[in-house]
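Participant: Below is a structure I'd like to ask you about.
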Amino acid sequence: MQSDTLAYFILESDMSVKEFLDSLEKDREFQLQVTGHNYLPPSQPTYGDIHICKAVRNVLLGKGVPSLYSHQAEALELIRQKKNIVIMTPTASGKSLVYNIPVLESVLNDPLATSLYMFPLKGLEQDQLKNLNGLCEAVGIGSRGEVYDGDTPGIKRRQIRESLPNMIFTNPDMLHLSLLPFHKKWKDFFSHLRFVVVDEIHSYRGVFGSNVAHIFRRLRRICEHYGSNPQYITSSATIANPGELAGRLTGLPFASVEKSGSPSPGKHFFFATPFESPYTFAARLFAQSLRAGLRTIVFTRARKITELIYKWTLNYCPELSEKISPYRAGFLPRERRHIESRLFSGELLGVVSTSALELGIDIGGLDCCILCGYPGSVSSTWQRAGRVGRKGQESIVVMVAIQDALDQYIVRHPEEFLDKTHEGVVIDPGNGNIIKKHLPCAAAELPLRSGEEVYAMDEVEPLIDELLIQGALSARTTKDVWFPNVRHPHKNVELRAAGERFYLENERGRQIGELSGERVLREAFPGAVYLHKGKQYKVTELDLIKRKVLCAEVSVGYYTQPVGTESTRVLEEKETRRFGGLTLHWGRLRIVRRITGYDRKRRFDKTRISSHTLALPESVFETEGLWTIIPAGVKSSIEGSGFDLGGTLHAVEHTVIAAMPLFALCDTGDVGGLSHTCFPEFALPAVFIYDGHQGGVGLTKRAIEYVPEWLKVTLQIVEGCPCAHGCPSCVQDPQCGNRNHPLDKPGAKILLRKWISSI
């Protein structure tokens, strides 16, 4: 926005949300860039009645909670019936009381009763611990909950093990690496385990969720060994399949509570397509809201953008340098805890974050949420939007579309987006590669035996045979009992399937951040420009053996983007589906990727400045995917009409991937694609779409169920963009390793129309 507009906001330092909205209504430049403004009216609360023990009831009354919402009462009734439950209600709807009340009552009834709380992020553990311990103190329970995770000092860990608390707060990584392999030290805890609380289960998706599913199965084996049978209380943001997900994660039946009784304040939801850079637009809007005195959070889709918006906002508002901060994965734990604390206390007025602050860490009441880029799913959008308006006041959400096909589709169809149902979370506990990683861990904890109840041994025994051949397991004394061949196989399992962790160090040897092995080749190759807390670092050395990235601080006007090659091979066709004139195949693929170089691009207009070659190792993995073979007649029709065949298929591949997150809860980075004008195995053109992780996690398998709708959205993306030949808002992919060449947008329209008309 123009500088005179910013000057206006310098004068207004304590606006209400309504006053800020009025100013936006008068801002002609802002209004010209808005494609939709929807008001979501407030909803009134509904209450339920259920008996709660007197001690807990009195504490709730003292905290101003005279009644429970209807969903809380419904969930507690199901828990009293000894059912495992999943509760799916909006952010700030009081889900924590649903699990804290039965936990407190269990300890009041039996001082030895224990509960295990599991959260996907360390920050969530700390936040929930404060909440529960406050209740424990008020109720009069002597034993307090304790956090046991990677940030817990060694001395403190020993004290916790020697004097077990009733409640342990941890995360999947620590349960996998510490509690389960050393379960004998936790015998009393597991023997009296009454509840397993799993918060934010929607975050356990894809490879991560598939790994966590086997951690839960191993936990069930340990509990069975010690004679306990805990109930599972889980919570989720709004997704299409909460009961199914909870069941697949744990292998147990679940009852679902999905109708919320909590009130919700009104929200003003804006959709915007900026004339200028969307990141500049977001930074300026952030500056405006801060100067108006509104507590604001900006969500971005990439670490680099988080840092850039933070840096640009400081340029607009240097006087607010102590009032705003970036927040993202890669920060050291102490940095994240410090930012969370400052935000909750109100010391910080604003924060720029990746998805790291999407989950339920209590960061206090916020007024404005700016989504710089569509978060990738309906579920994540509402989760992030739920971070504002937490104290009953109206709030503002602005979705700023970036130059991305799905973003542009959303802002062109705001009503359709607001009416859209939430996506389902996809995990694949049956992924053989993942099971084979966890079976040695399970055997190290307790010997694997034929006839186990937790594992379906008729499905698992072929994998055990493979592990015996590979030397990961061995059979002793009898052929139906198996042991691991290494003492602690857990260390070889990466839960997020992203390889080993790399550490970034500056020229003084100080650790400035960390990256997973999956990301390091794309973001920290020699010559890459890496952003951290507003500073630029140039990668001078990548040591793959020592897992170190050496960086030097620089100040340059460009960013770097990797360039690479991919190839595939069909390993096994498992399924064929026909949709009119379109035939889709689904099965196992082998993918080979190699980063061959990188481009330097000018930061503000993305113009390529120079290109550089790299010699990095290739990555090879097997996965699941779907593909279609283009018949000779269709090939001739495309070419005979004057369209470029390679460009047509490449454009379709890009746009189909861009639309996929509307049908399966994933990021476009979770999916890969390839197109060939003459695939060697078929001697015909082909397009491949595949799960971007080893073994696959069911994304393409789920998406194939929505092919007609999927193709229609894909065509709408292509036809809805006014450009003639293709741009980042339709058929271009900013991460394309082939520099988006060739692309033929008109040809893609023709091919998509041909497919859709035949269905």
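The values are calculated or read from the model by the stated rules, or taken from the named source; none is laboratory data. Source: prediction; values computed, not measured. Every residue, glycine as well, gets a Cβ built from its backbone with ideal geometry; the counts of neighbours run over all protein chains shown. Ligands, DNA and RNA are excluded from the accessible area calculation, which covers all protein heavy atoms including side chains. Shrake-Rupley method; radii C 1.70, N 1.55, O 1.52, S 1.80 Å.
Participant: Restrict the check to the stretch 169-176 and report whether at least one residue is of a type outside the set (Phe, Trp, Tyr) and more than 30 Å from the chain's Cα centre (by Cα).
Facilitator: Looking through the stretch 169-176, none of the residues is of a type outside the set (Phe, Trp, Tyr) and more than 30 Å from the chain's Cα centre (by Cα).
Participant: What are the residues in the stretch 12-39 that are open to solvent by 70 Å² or more (accessible area, probe 1.4 Å) and assigned to a helix (DSSP H, G or I), if any?
Facilitator: Lys18, Glu19, Glu25, Lys26, Arg28, Leu32, listed by residue number.
Participant: Within the stretch 427-442, identify whether any single residue is open to solvent by less than 60 Å² (accessible area, probe 1.4 Å) and over 32 Å from the mean Cα position of the chain (by Cα), and answer yes or no.
Facilitator: No, that holds for no residue.
Participant: Within the stretch 602-636, take every residue that is out of contact with any Lys or Arg (no Cβ under 6 Å at 6 or more places or on another chain) and free of Cβ contacts under 8 Å to residues at least 24 places away in the same chain and give me the one that is surrounded by the most Cβ atoms within 10 Å (Cβ to Cβ).
Facilitator: Lys606
Participant: Kindly provide the set of residues from the stretch 58-86 that are among the basic types (Lys, Arg), more than 30 Å from Val397 (Cβ to Cβ) and modelled with pLDDT under 95, ordered by number.
Facilitator: Within the stretch 58-86, no residue meets the criteria.
Participant: Then there's this: Take the stretch 233-259 and flag every residue that is at pLDDT 95 or above, of a type in the set (Gly, Ala, Ser) and open to solvent by 10 Å² or more (accessible area, probe 1.4 Å).
Facilitator: Correct list: Gly243, Gly247, Gly251, Ala255, Ser256.
Participant: Any residue in the stretch 167-184 that's among the hydroxyl-bearing types (Ser, Thr, Tyr): show its pairings with residues that are part of a helix (DSSP H, G or I) at Cβ separation under 9 Å, as long as the two are six or more apart or on different chains.
Facilitator: Thr170/Glu125; Thr170/Ser178; Thr170/Leu179; Ser178/Arg157; Ser178/His490
Participant: Can you tell which of Glu453, Glu461, Glu445 is in contact (Cβ under 8 Å) with a residue 60 or more places away in the chain, open to solvent by 50 Å² or more (accessible area, probe 1.4 Å) and charged (D, E, K, R)?
Facilitator: None of the others qualify; the one that does is Glu453.
Participant: Scan the stretch 122-145 and give yes if some residue there is in contact with a helix residue (DSSP H, G or I) (Cβ under 7 Å, 6 or more places away or on another chain), farther than 29 Å from Leu366 by Cα and modelled with pLDDT of 95 or more, otherwise no.
Facilitator: The answer is no; no qualifying residue exists.
Participant: Output the qualifying pairs, or none if there are none: Cβ atoms under 6 angstrom, residues six or more apart or on different chains, first residue in the stretch 384-404 and closer than 30 Å to Cys721 by Cβ and at pLDDT 95 or above, second residue open to solvent by 20 Å² or more (accessible area, probe 1.4 Å) and in a loop (DSSP other than H, G, I, E, B).
Facilitator: Every condition considered, the pairs that remain are Ala401/Thr273.
Participant: Also: Step by step: first the residues of the stretch 543-568, then only those that are touching a residue at least 60 places away in the same chain (Cβ under 8 Å) and within 25 Å of Arg510 (Cα to Cα), then the one that is surrounded by the fewest Cβ atoms within 10 Å (Cβ to Cβ). Which residue is that?
Facilitator: So, considering only residues that are touching a residue at least 60 places away in the same chain (Cβ under 8 Å) and within 25 Å of Arg510 (Cα to Cα), the one surrounded by the fewest Cβ atoms within 10 Å (Cβ to Cβ) is Leu544.
Participant: Same structure again: Examine the stretch 144-153 for a residue that is touching a Leu at 6+ places or on another chain (Cβ under 7 Å), under 16 Å from Ser96 (Cβ atoms) and not in a helix (DSSP H, G or I), and state whether such a residue exists.
Facilitator: Within the stretch 144-153 (the criterion being touching a Leu at 6+ places or on another chain (Cβ under 7 Å), under 16 Å from Ser96 (Cβ atoms) and not in a helix (DSSP H, G or I)), the answer is yes, since at least one residue qualifies.
Participant: Name the one entry in Ile750, Ile759 that is in contact with a Leu (Cβ under 8 Å, 6 or more places away or on another chain), farther than 23 Å from Ser277 by Cα and of a type in the set (Val, Ile, Thr).
Facilitator: Ile759
Participant: Just to be sure I understand, how many residues within the stretch 105-136 are out of contact with any strand residue (DSSP E or B) (no Cβ under 9 Å at 6 or more places or on another chain), in a helix (DSSP H, G or I) and farther than 27 Å from Arg337 by Cα?
Facilitator: So the answer is 3.
Participant: Could you please give the count of residues in the stretch 6-57 that are β-branched (Val, Ile, Thr), closer than 25 Å to Pro274 by Cα and modelled with pLDDT of 95 or more?
Facilitator: 2
Participant: All but one of (1) assigned to a loop (DSSP other than H, G, I, E, B); (2) under 18 Å from the mean Cα position of the chain (by Cα); (3) not hydroxyl-bearing (Ser, Thr, Tyr) hold for Glu681; state the number of the condition that does not hold.
Facilitator: (2)
Participant: Also, I was wondering about something else. Picking from Phe275, Phe286, Phe270, which residue would you name as being farther than 20 Å from Leu21 by Cβ and either hydrophobic (A, V, I, L, M, F, W, C) or open to solvent by less than 10 Å² (accessible area, probe 1.4 Å) (or both)?
Facilitator: Only one candidate qualifies: Phe275.
Participant: Applying the selection to the stretch 521-540, what residues are in a strand (DSSP E or B) and aliphatic (A, V, I, L, M)?
Facilitator: Hits for the stretch 521-540 are Val529, Leu531, Val539.
Participant: Restricted to the stretch 701-740, and to residues that are farther than 19 Å from Thr668 by Cα and of a type outside the set (Gly, Ala, Ser), which residue is surrounded by the fewest Cβ atoms within 10 Å (Cβ to Cβ)?
Facilitator: Top of the filtered list is Pro722.
Participant: If you check Thr714, Thr700, which single one turns out to be part of a helix (DSSP H, G or I), touching a strand residue (DSSP E or B) at 6+ places or on another chain (Cβ under 6 Å) and either in contact (Cβ under 8 Å) with a residue 60 or more places away in the chain or more than 26 Å from Arg593 (Cβ to Cβ) (or both)?
Facilitator: Sole residue among the options that is part of a helix (DSSP H, G or I), touching a strand residue (DSSP E or B) at 6+ places or on another chain (Cβ under 6 Å) and either in contact (Cβ under 8 Å) with a residue 60 or more places away in the chain or more than 26 Å from Arg593 (Cβ to Cβ) (or both): Thr700.
Participant: Sticking with this structure for a sec: Restricting attention to the stretch 637-654, which residues are of a type in the set (Ser, Thr, Tyr) and either open to solvent by 50 Å² or more (accessible area, probe 1.4 Å) or farther than 16 Å from Val687 by Cα (or both)?
Facilitator: Answer for the stretch 637-654, where residues must be of a type in the set (Ser, Thr, Tyr) and either open to solvent by 50 Å² or more (accessible area, probe 1.4 Å) or farther than 16 Å from Val687 by Cα (or both): Ser637, Ser641.
Participant: Follow-up. I'm trying to understand the selection: among the residues of the stretch 284-336, which are polar (S, T, N, Q), outside any helix (DSSP H, G or I) and under 20 Å from Arg384 (Cα atoms)?
Facilitator: The answer is Thr296, Thr300, Ser325.
Participant: Residues of the stretch 585-640 being under 26 Å from Asn431 (Cβ atoms), over 27 Å from the mean Cα position of the chain (by Cα) and modelled with pLDDT of 95 or more, which ones?
Facilitator: Result: His585, Thr628.
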